[in-house]
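A short reminder: the numbers here are calculations on the coordinates, not readings from a lab. Everything numeric in this text was worked out from a predicted model, so none of it was measured. A quick note on method: Cβ atoms are made from the backbone with ideal geometry, for glycine too, and the neighbour counts reach across all protein chains shown.
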């Protein structure tokens, strides 16, 4: 009998531990992942980034388990995006703004729950500052915002105008998660 090969997954949680809302300690997150059968769990910063191994071949199943457990214990349902290392690697390699990598806080990747069916690209273009650039590629929304995303009307409205749930990570965080996934 052959042993199941463990898959390496990345989990990105949307909207936890932000501004004192939807508090979820990382040790609790690790416990939920362990209950779902995950192994070798590593988290990065409090905003909900985890890398783990699982023999479950269905990331959607893991996501639903985690969401249900968090709702049961903490009373809120975060969006949990789970994908494989190859998908993260593809997102990194697909970066259309390599010049922005030198200032990793200015480059953001919005990971989308699904491909947008009818994104309002015209409205997105109307909101961007002269210095900002964006590109939508499959389930990634790349945003280069050299003046920062905090005051960016484009960043503030992107999810609504794409019409798909999104969780955003800056380039530094994406690189760190990839590093963790490769360990």
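Rounded to the nearest angstrom and listed largest first, the equivalent-ellipsoid semi-axes of the stretch 73-122 from its Cα gyration tensor are 24, 17, 14. Note on the stretch 94-182: percent of Cα-Cα distances in each 5 Å bin, starting at 0 and stopping at the bin with the largest distance, equals 3, 15, 27, 26, 19, 8, 2, 0. Each Cα pair under 8 Å and six or more residues apart adds its separation to the average, and for the chain the resulting relative contact order is 24 percent.
With a Förster radius of 25 Å applied to the beta-carbon distance between residue 45 and residue 130, the computed FRET efficiency rounds to 0.20. Note on the stretch 7-87: Kirkwood hydrodynamic radius from all Cα pairs is 12.4 Å, rounded to one decimal. Two decimals is fine: what is log10 I(q)/I(0) at q = 0.09, 0.18 Å⁻¹ for the chain, from a Debye sum with one equal scatterer on every Cα and no solvent? Result of the Debye calculation: -0.33, -1.23. Look at the alpha carbon pairs under 8 Å that are at least 6 residues apart: their mean separation over the length of the stretch 55-160 gives a relative contact order of 22 percent.
Packing order of peptides 127-133, 42-48, highest average first: 42-48, 127-133 (average count of other Cβ atoms within 10 Å over each peptide's residues).
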